[in-house]
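One structure is given below, encoded as C-alpha cells.
What follows is calculated from the coordinates using simple rules that are stated; it is not laboratory data. Predicted, not measured: the structure shown is a model, and the values here were computed from it. A quick note on method: Cβ atoms are made from the backbone with ideal geometry, for glycine too, and the neighbour counts reach across all protein chains shown.
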Amino acid sequence: MDTFFNLPEKVVFCKKCVLSNQRPSSIPEFKHTKNRPGAKYLNIDPLTGICDACKVAEIKNINIDWEQREKELLKVLDKHRSKNKDYDCIVPGSGGKDSVLASHILKYKYGMNPLTITWPPILYTDYGYKNFRNWIEIGGFDNLTFNQNGRVMKLLTKLSIQNLLHPFQTFILGQKNLAPKIANKFNIPLVFYGESEAEYGNPIADHNSSLRKNEFYTYKNIKDLYLAGCSIGYLEEKFGLSLKDLSIFFPIEKKSLENFDLNIHYLGYYIKWIPQEAYYYAVENSSFKARPFRTEGTYSKYNSIDDKIDDLHYYTTFVKYGLGRTSYDASQEIRNKHLNLNEGKLLVKKYDGEFPERYFDEIMDYIEMDKNEFHRLCDEFRSPHLWVNTNKDGYKLRHTVNEDGEND
Ligand SMILES: [Zn+2]
C-alpha cells in the first residue's frame, strides 16, 4: 500500500504507551518538504515492542543520578554566571509552564541573570497572553519580544498549511531559530530550552547529551533552506518576498558562529522534568493559569495553550500520522505514571482526532482560507496506508491503539 512522507508501511503500536511507529522524529524544520525524504519515525524495538520514548522515560526514572547531573549543571552555570549586571543566559519561551520553570529556577535557585525572549504565537489566546504577562510581571524577568512582520507571517502560515498541512510551522521556526541569533547579537553564549525532544520519541542516543545539535539551528547554504515547503528562490520569485523579509525565519548562518562559542542546552537533561510538576511550579511562582476549558482533541488543560493554531496543529498530526493530541498527552502521562495504559487507550478513543472547532473560523479568517479548502487539504494528506474512505462515514483509520480500526 502507498505510504506518504516516508512513513513506515506497517503500523505498530508501542506496548507501553499509545504511540505508534508513525510518530515523526524531529527534523530541522527548515528542511521540511512535502514528501519528507529521509524522515525518521519513532523506533519501536522489535524484540520488546517498546518505543524509544518509553525507554528514555524508564532510564530517567531509574538509571540517572540526578544529583550528579545537578553538579554538571552548576559547572556550566559557574562558567557563565555574570559577575556584573550583564545577562548570562537566554531562555526562549512564550510564558508556558516550561519556560516559566526554566527561567525561574535559573534566576532564583541558581542565581543566574536570564534574558527571556519571545517569538509570539501566531494567534495568542487571551489566557495564553495573560500567562505571558504574568511570567514577566509576577515571575519578574526582562523580556525581549520579537514581533514578526505580520504580512510575511500570515503568508508563510497559509503556505505551510497548503504545502505541508502544517499550521504551526512559522511558530516552530521562530521558537527554534530566534534564540541563537539573539544570543549572537547580544553576545550571550548560553541558551536554555526546557525539555529535549528525545523525551517524546527522538532516537535514544539524542538523550545522552545536554546540547542541542547544531544541525537543528544552523545552515551553510541558502539553497538548502525551505520555508512552508518552498525554496527561498521560489518564495522570492512567486510572492515578491525578499531575503530581508524572510531571513528572520532562517536558522543562524554557520559562519557567524565561527568566533562565537554558542551552547544551547536542555535543562531537562540536568533536572528531572515532569510536565505536571512544571505546571504546578508555574502556578505557584507566576500565577500560571490552565485553560478555562478542556482543549479540543485531548483531555488536558495546561499543555501548549497559548496559540489558537496549536489545536489545529494537533488535528493535522492526526490526519498525517494517525496520532492526535490525546495520543501525545496520554503517552507522556503514562510514562510519568499519571495514567495507566488502559486509561490512556480510553482517552484516545474518546478524544483523539476531535476537530478543534473553537478557533477554526478565526484561523481561516486570519489566513484567508475557505473552510472547505482546509478540509480538502486534509484529505489530500491522508496516507492510504493509514486511512480508508468508507464513503458512508467518511475517512476511518485502518489501525488504532484500541484495535478498532477498519483493518484491525
Ligand atoms: Zn511507548
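Is there a pair in K154/K185; K79/K272; K83/K244 whose C-alpha atoms are over 29 Å apart, and which pairs would that be? Too far apart for the 29 Å limit: K83/K244. Taken as Cα centroids, region 23-76 and region 316-350 sit 17 Å apart, rounded to the nearest whole angstrom.
Shown here are the Rg and Dmax of the Cα trace of the chain, at 20.8, 69 Å. Distances between placed amide hydrogens fall under 5 Å for Q22 paired with V12, all partners being 5 or more residues away or on another chain.
Placing a label point 7 Å from the Cα of Y280 along the Cα-to-Cβ direction, the residues of region 334-350 with a backbone N closer than 16 Å are 336-339. Between K71 and Y129, residue separation times 0.36 nm minus the direct Cα-Cα distance comes to 17.4 nm.
Label positions at L341 and K85, each projected 7 Å from the Cα along the C-beta direction, are separated by 5.9 nm. Using a cutoff of 8 angstrom between alpha carbon atoms and counting only pairs six or more residues apart, the relative contact order for the chain works out to 22 percent. Membrane-span-like helices of the chain, defined as complete DSSP H segments with a Cα extent of 24 Å or more along the helix axis and a mean Kyte hydropathy of at least -1.0, are identified as 169-186. Magnitude of the charge dipole for the chain, about its Cα centre and with charges confined to Cβ atoms of Lys, Arg (+1) and Asp, Glu (-1), is about 640 debye.
What is the local net charge at L77, summed over the other residues whose Cβ is closer than 13 Å to its Cβ (Lys, Arg +1; Asp, Glu -1)? Once positives and negatives cancel, what remains is +4. Taking each of K55/K158; K75/K130; K345/K396 in turn, the alpha-carbon distance tops 26 angstrom for K55/K158; K75/K130.
Other residues within the sphere of radius under 12 Å centred on the Cβ of G394, judged by their own Cβ, net out at 0 (K and R +1, D and E -1).
Extending 7 Å from the Cα toward the beta-carbon at both Y110 and K349 defines two label points whose distance is 4.4 nm. Contact order for region 289-362, expressed relative to its length and based on alpha carbon pairs under 8 Å spaced 6+ residues apart, stands at 38 percent.
Looking at region 30-95, the trypsin sites (Lys or Arg not before Pro) that sit in a DSSP loop and have at most 13 other Cβ atoms within 10 Å of their own Cβ are K83, K85. Over the chain, DSSP H runs of length four or greater, each weighted -39,500 (n - 2.57), average out per residue to a 222 nm ellipticity of -12000 deg cm²/dmol. Rg and Dmax over the alpha-carbon atoms of region 20-80 stand at 17.1, 45 Å. Build a GNM of the chain with springs between Cα atoms under 10 Å apart, and of W387, W66, W119 the one that fluctuates most is W66. The overall shape of region 62-269, judged from the alpha-carbon gyration tensor, is prolate: a/c is not under 1.5, and a/b is greater than b/c. Its relative contact order, with pairs defined as Cα atoms under 8 Å and 6+ residues apart, puts region 246-379 at 21 percent.
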